[in-house]
Amino acid sequence: MSEQLQVPPAEFQSYYGRPILKVTRWKEPHLPAYLVLGELSGAMAMVATVAHATGRRSLARTARLASAAAAYGGGALLTAELGRPERFLNMLRVAKPTSPMSMGSWILTCHSGLVSVAAASDVTGLLPGLGALAGTAASVTGPALATYPSVLLANTAVPAWHSSYRELSLLFAGGAMTAAGAAGLAASALSSDRRDFDAARRLAMIGAAVESAAGYGLEVKPGPEGEPYRSGDGTRMLTAARYLTLGGGLAALAARRSRVAALASAALLAGGGYCAKVAVLRAGKESARDPRYVVEGQLRNGRTGSA
C-alpha cells in the first residue's frame, strides 16, 4: 500500500507577490541595437582580415570602416544606456577575468581601438604594417565582441537567460554571421563590383539558418525555462524575428539576379536580428518579474539558497 501525502505540495511565492530578482532596467532600443552593432563590428573585422589576406583590398577597407563605425555606434548606445558616460570609464578601472561585464568593457574598448587603427591606416595609407597588425588583432577581438553578451546574460540570475546559455551562444554567433552577410549584400547591391556577392550571400544564409535554429531552441525548451519565450511580448518578437530572418535568407536566393532582392534581404536580416535581441530582453524581464520562474528553477537545479 503506497503512502499518501498528508500535506499538499507547497506553492512557492514571494513576499506579497513582489519580484524576487531586481528586474533589469535595460531599455529599448538602446540595448538590442548595441547587441546588433556589436555582432556587426565583430563579424566585419573578421571579414576584413580574410579579405586583406586574399588580396581584396577594396572589400577589406569597406569592412574595416563598417567595423569601426559599428563599434563606435554600439559604444554610444551603451553609454546612453548607462545614463552617464563616466560609468563606462569607471568599468575600465579594473580588469576582472571572472566578470563578464568587466571583460566585455575591455573587449569593446580594445576592439574599437584596433579597428580604428586598421581603418585609419587603410584610408590614409600610413603605417600599413601597423594597420595590418591591428586588423589581424581585431579579427581575434571581433568574435569575442560579437558573442560575449551571451556569456554576460547567462551569468546572471535571470531564469530565462541563465538556463539558455547554449541557445544564446548560437543566437549571437548566428546573428554575427547574418549581420555581416546583410552588410555584404547591401554593399554589393549598391556597388558595381559584384565579385564578393556570392560570399556575402552564403554567409547570410548560413547565419540565418543558425540564428533561426537558436530561436526555435529557445521556444521549445521544456518546462518553465521556455515559457517566457513562448508567451507574452517575447514570443511575438521571437516569431517576428524568425519570419524576418527566414524571409531574408530566402530573398538572398533571388538576390543573384536582382539588386532590389539583395537590399530586401539585407533589410529583412537586419530586422530579424534586432527583433531577436528584443525578444531575449523582454523574455528575461518577464522571467525576473515572476517569482515562480526563480524558485522553481532553483529547486530543479538543487539550489535552495537565495537568488
**Unmet requirement for ALA199, which otherwise passes all of (1) under 17 Å from GLY184 (Cα atoms); (2) modelled with pLDDT of 95 or more** = (2)
**Pair list, Cβ < 8 Å and 6+ apart or interchain, from the stretch 197-219 residues that are assigned by TED's automatic domain parsing to the domain that holds ALA266 to residues that are of a type outside the set (Val, Ile, Thr) and not in a helix (DSSP H, G or I)** = PHE197/ALA255; PHE197/ARG256; ASP198/ARG256; ARG201/ALA255; ARG201/ARG256; LEU218/SER164
**Request:** For GLY175, state whether it is within 25 Å of LEU114 (Cα to Cα) and either buried (at least 21 other Cβ atoms within 10 Å of the Cβ) or among the acidic types (Asp, Glu) (or both).
**Result:** yes
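Surrounded by fewer than 17 Cβ atoms within 10 Å (Cβ to Cβ), within 19 Å of the chain's Cα centre (by Cα) and outside the structural domain of SER188 (by TED's automatic domain parsing): is that true of ALA76 in this structure? Before you say what the answer is, go through the steps one by one.
Working: surrounded by fewer than 17 Cβ atoms within 10 Å (Cβ to Cβ): yes; within 19 Å of the chain's Cα centre (by Cα): yes; outside the structural domain of SER188 (by TED's automatic domain parsing): yes.
Criteria met by ALA76.
Of these, TYR216, TYR229, which one is closer than 20 Å to GLY174 by Cβ and buried (at least 19 other Cβ atoms within 10 Å of the Cβ)? Give the derivation first.
Numbers: TYR216 fails: buried (at least 19 other Cβ atoms within 10 Å of the Cβ).
Just a single option satisfies the conditions, and that option is TYR229.
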**Item:** Index of the failed condition, GLY125 passing every other in (1) on the phi > 0 side of the Ramachandran plot; (2) buried (at least 19 other Cβ atoms within 10 Å of the Cβ)
**Value:** (2)
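The rows are residues; the columns are (1) assigned by TED's automatic domain parsing to the domain that holds ALA179; (2) farther than 19 Å from VAL151 by Cα; (3) in a helix (DSSP H, G or I).
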residue: VAL36; (1), (2), (3): no, no, yes
residue: THR49; (1), (2), (3): no, yes, yes
residue: LEU59; (1), (2), (3): no, yes, yes
residue: ARG93; (1), (2), (3): no, yes, no
residue: THR98; (1), (2), (3): no, no, no
residue: SER102; (1), (2), (3): no, no, yes
**Asked** Mind checking whether some residue in the stretch 188-196 is more than 20 Å from TYR243 (Cβ to Cβ), in contact (Cβ under 8 Å) with a residue 12 or more places away in the chain and of a type in the set (Asp, Glu)?
**Response** yes
**Complete:** Residues of the stretch 35-73 being among the hydroxyl-bearing types (Ser, Thr, Tyr), modelled with pLDDT of 85 or more and surrounded by fewer than 17 Cβ atoms within 10 Å (Cβ to Cβ), in sequence order, are THR54, TYR72
**Message:** Residue under question is LEU190, and the condition is that it be hydrophobic (A, V, I, L, M, F, W, C), at pLDDT 85 or above and on the phi < 0 side of the Ramachandran plot; does it hold?
**Reply:** no
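The values are calculated or read from the model by the stated rules, or taken from the named source; none is laboratory data. Being a predicted model, the structure only gives us computed values, none of them experimental. Neighbour counts run over all protein chains shown; Cβ positions are idealised from the backbone, glycine included.
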